[in-house]
Amino acid sequence: MTRISAATALSGPDLIVLGAGPAGAAAALEATRLGLKTALIDRARFPREKLCGGGITGRSMTILRDLLGGMPDAPMLHRSEMVFHGFGETLGHVYDAPAIHLGMRWSFDAALVSTALGRGAQDLTGHAGTLDPETMIWRGQGISLSAPLVIAADGVNSLTARALFGAAFDRRQIGFALEIEAPDTDADAPLRIDFGAAEWGYGWRFPKTTGTTIGVGGVLSRNPDMKAALARYLTTLGTRADTPVKGQFLPFGDFRRHPGRGRILLAGDAAGLVDPITGEGIAHALKSGQLAARAAHRALVENRPDKALAHYTRSLRPIHRGLSQARLLRNLIFRERLRPAFLRSFRASRSLRDEYLRLLAGETEYGAILTKVAARLPRHAMRVLRST
């Protein structure tokens with residue numbers, strides 16, 4: 001693997017991938033597998049720090065096995081014990097949940113990038129630059145590069161989305177999260193999810209071998225003081241906030257129905273593909289990167305790069321449908337009028353909790369959860385839910 005320097009003269013690739021997080025790395029992995037000459041660009045060099053709970057769900061692992069042909073080369077702790085809380089109430093303890101794999105994003109992302117580069121992607125990590133959407137030319141640090149197609153996986157603050165649509169995201173809909181890495185190393189403690197730890201959001205405690213990741217996230221417009229929400233949550237957990245606090249925007253289900261424009265495809269957070277209830281985005285990032293690469297390959301084989309976005313948009317329909325269903329369920333969880341019905345259902349129904357865990361494992365979709373919840377709701381609650 002040869003690192004590309006600013007003085008290197010580059011022949012034109014088939015595909016440029018902007019951003020080397022899970023979505024971009026997945027796109028590069030799939031594109032190189034399909035035989036596309038791919039340039040992988042990121043302003044950071046890997047490993048790099050990244051705010052994230054570090055929970056790699058069963059859904060993510062299924063996609064990773066497809067992309068990699070096995071498990072990623074990154075240390076992870078497997079946990080099958082989870083406890084749920086909601087708005088100050090205990091909702092249930094599960095001892096045999098489908099395994100959640102817990103790791104640190106710096107090592108996880110670095111492993112994916114290393115594999116993509118090892119498979120032949122051109123290494124332009126550590127290079128900042130900008131893409132001109134009109135000319136399809138990327139320029140940065142003495143390098144000028146163009147390709148028939150671009151996959152922009154440059155995160156929630158996507159410069160590409162800003163260039164295409166005037167803004168990276170809608171501030172009325174965007175989420176925000178704060179997180180700390182506590183020194184507590186009780187790796188045997190259960191994973192904990194607290195619905196309502198932030199307004200229209202949740203809190204999480206993920207124990208790992210290197211410490212415990214604790215955070216809160218919710219819709220930004222409903223949380224004018226997220227630091228206070230984090231402080232309350234840490235008090236609830238009996239944890240001191242004497243470590244650095246990191247913050248990041250989260251596109252909580254505010255996905256782009258048109259994930260790109262022209263010959264530019266948006267993937268992962270740049271396309272808003274984050275679960276609006278759990279905030280989990282790695283699975284959708286991996287899958288969207290893979291689907292975008294497949295769409296690019298198909299369009300190039302057809303000698304119709306202008307068709308890639310249409311192919312990609314169609315392939316995203318199942319993800320978009322699931323996110324729409326999740327937004328409907330989010331109303332039930334967080335609307336004050338409907339919340340008691342959800343809490344009763346989730347606390348009383350082991351099958352509903354199991355369905356939620358099966359969702360994280362990639363064994364079911366939100367439609368199945370909505371069906372189970374609907375069967376337990378009073379009629380007036382269903383009327384309110386359908387009207388939202």
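The values are calculated or read from the model by the stated rules, or taken from the named source; none is laboratory data. Computed from a prediction, not measured in an experiment: that's the story for all the values here. For neighbour counting, all protein chains shown are included, and Cβ atoms are generated from backbone atoms with ideal geometry for every residue, glycine included.
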Helices (runs of 4 or more DSSP H) (entirely within the stretch 307-383) containing at least 2 residues that are at pLDDT below 80
339-348, 350-360, 366-376
Does the stretch 162-173 contain any residue that is at pLDDT below 90 and more than 22 Å from Gly281 (Cβ to Cβ)?
no
Residue check, Leu131 against (1) in contact with a Pro (Cβ under 9 Å, 6 or more places away or on another chain); (2) part of a strand (DSSP E or B); (3) more than 27 Å from Ile333 (Cβ to Cβ), all met but one. Which one?
(1)
If we keep just the residues of the stretch 124-163 that are farther than 22 Å from Leu300 by Cα and hydrophobic (A, V, I, L, M, F, W, C), which is surrounded by the fewest Cβ atoms within 10 Å (Cβ to Cβ)?
Ala128
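Listed residues Arg353, Arg335, Arg347; which is closer than 14 Å to His93 by Cα and surrounded by fewer than 18 Cβ atoms within 10 Å (Cβ to Cβ)?
Values: Arg353 fails: surrounded by fewer than 18 Cβ atoms within 10 Å (Cβ to Cβ); Arg335 fails: closer than 14 Å to His93 by Cα.
After applying the criteria, what remains is Arg347.
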Working only within the stretch 254-273, note down all residues that are among the charged types (D, E, K, R) and at pLDDT 90 or above.
Arg256, Arg257, Arg261, Arg263, Asp269
The stretch 77-91 - residue that is modelled with pLDDT under 85 and assigned to a strand (DSSP E or B) and, of those, surrounded by the most Cβ atoms within 10 Å (Cβ to Cβ):
Arg79
Quick one: count up the residues across the stretch 255-290 that are surrounded by fewer than 19 Cβ atoms within 10 Å (Cβ to Cβ) and assigned to a loop (DSSP other than H, G, I, E, B).
4
Inside the stretch 291-319, can you point out the residues that are touching a residue at least 60 places away in the same chain (Cβ under 8 Å) and either on the phi > 0 side of the Ramachandran plot or crowded, with 24+ Cβ neighbours inside 10 Å (or both)?
Ala292, Ala293, Ala296, Ala308
Name the single residue, out of those in the stretch 1-42 being modelled with pLDDT of 60 or more and of a type in the set (D, E, K, R), that is nearest to Ile282 (Cα to Cα).
Glu30
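Which residue is modelled with the lowest pLDDT, if the candidates are limited to the stretch 226-253 and must be assigned to a loop (DSSP other than H, G, I, E, B) and surrounded by fewer than 19 Cβ atoms within 10 Å (Cβ to Cβ)?
Initial filter on the stretch 226-253 (assigned to a loop (DSSP other than H, G, I, E, B)): 238-245, 251, 253.
Okay, now just the ones that are also surrounded by fewer than 19 Cβ atoms within 10 Å (Cβ to Cβ), so 238-245.
Numbers: Gly238: 89, Thr239: 86, Arg240: 79, Ala241: 71, Asp242: 79, Thr243: 84, Pro244: 88, Val245: 92.
Residue satisfying both the conditions and the ranking: Ala241.
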